[in-house]
Amino acid sequence: MRERLRRSPVLADLAFAAVLCALDLFLSGGQPQYSGGAGGWAAVALVVAGYLPLGWRRRFPGWVFVAMLAHSLLVPLLLPGFLPLFGVWQALYTVAARCSLPQAVVALVASSLPIAANAREEARVASPGDKVITFIGSASFGTMINLAVFGVGLWAAWSVRQRRIVAERAAAAAVAAERGRIARDLHDLVAHSLSLMLLQAGGAKGLLRRDPTRAESALARVDDLGQQAIVELRRLLELVETGGASPGGRFAGGEPPSGLEDIRALVEQVRAGGIRVELDVIGDPVPLDQGVSLSGYRIVQEALTNATRYGDTQTPVSVGMHWRPEQVEVRVVNQPAGRTERSTRSLSTGRGILGMHERARAAGGGLQVGPGPDGEFVVVATLPVAHAAEVATVGAGAAPEQVLGDA
């Protein structure tokens, strides 16, 4: 049950709303002025129904606050002696934590209405000599609680912003470091390919008359290396133009690029920024083509970056990998931070999502991005396990005759 509540914010908020309802009933004496029978059950239903909007306070904080404020002001007219306040405070906290400062201030001012109604009720039942003191004391105490709840909500919003700033800075630093490393790897690979091309061309020149067959093989090898160099030069240009976003590919020199085997380390980096991430791996991982593995890693990295920027940090981000004989499915699911369907769709037009599509296609796979059935944002990449064989490379330090023999 606890796991289910943790995974479903609506259920968790409804459970907490039930606790608030019980507290309000208890503090009102547990017996608002109604009796048993049909009228009593109707009164109970009215009281309970007033707390139901709290289940959707994260997604619609402003509307939920309006509903709880109306509930707090109207219920005493039907049930004298019962003035619900805990629901208003919970809704006020949510508005302060999730809405703009002007909206939060308006909610703070509006929340003084049930406080004034409660103070008036307290003064009504007080003795004649204590009415003024009771009214002032009750109003002051309620206002202090309002301000405390408002302040805690603002602090929560500030904390979320700070965690996102830390996560974004860490991601930016990681991207900058990765950009420099990939650029060096690409440079080394192009230089290596050109060196081999010169060796093959020199060997072909020496064998052109006495061994035309081997010379032809050497020239074919030069063509292969040239095509590979052109591909890597194109990737280098894309790296510069896109500010570090590189499609999946194979890079030489230095330590190997990141891949799906490094997802756990990536998840730990995001967790270090204050974002809760759950990782679930199904099946037995198998070695992938380096370009495919890098593409999967980049897709997960971009999805997690979007989750830190636009997601609800109160709910965990789910990262899953499902290994099958012919493909691996990578899934990243996060809950948007109170966004409407329209704003969620607008996320799919961004450069980051376009880059994920390009990486998936470059690896021979596919990508699906969009809202899920429960309002969550889902990124699903399907990547092939088997990939086209790559052209074998030869050592740059071999003599022309040795290189020709290997070719």
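Length gain on complete extension for the stretch Arg361 to Ala22, per 0.36 nm per residue less the alpha carbon to alpha carbon distance?
Gain in length upon complete extension: 116.6 nm.
HN-Hα J couplings of the range 57-73 from phi, Karplus 6.51/-1.76/1.60, θ = phi - 60°, integer Hz, Gly and Pro as x?
5, 6, 7, 10, x, x, 5, 5, 4, 4, 5, 5, 5, 5, 4, 5, 8
Return the long-range amide H neighbours of Gln327 (sequence gap of 5 or more, or a different chain), with a cut-off of under 5 Å between placed amide H atoms.
When sequence neighbours closer than 5 places are left aside, the close amide H contacts are Val385.
In nm, to one decimal, how far is the modelled label at Ala265 from the one at Ile145, with both set 7 Å along Cα→Cβ?
Inter-label distance under the simple model: 5.2 nm.
Tally Lys and Arg at +1 and Asp and Glu at -1 over the other residues with C-beta under 13 Å from the C-beta of Thr382: what net charge comes out?
Neighbourhood net charge equals +2.
Taken together, the values in this text are just the output of simple stated rules run on the coordinates, not laboratory data. Predicted model, so just to flag it, every value in this text is computed and none were measured. Note: ideal-geometry Cβ built from the backbone for every residue, glycine included; neighbour counts use all protein chains shown.
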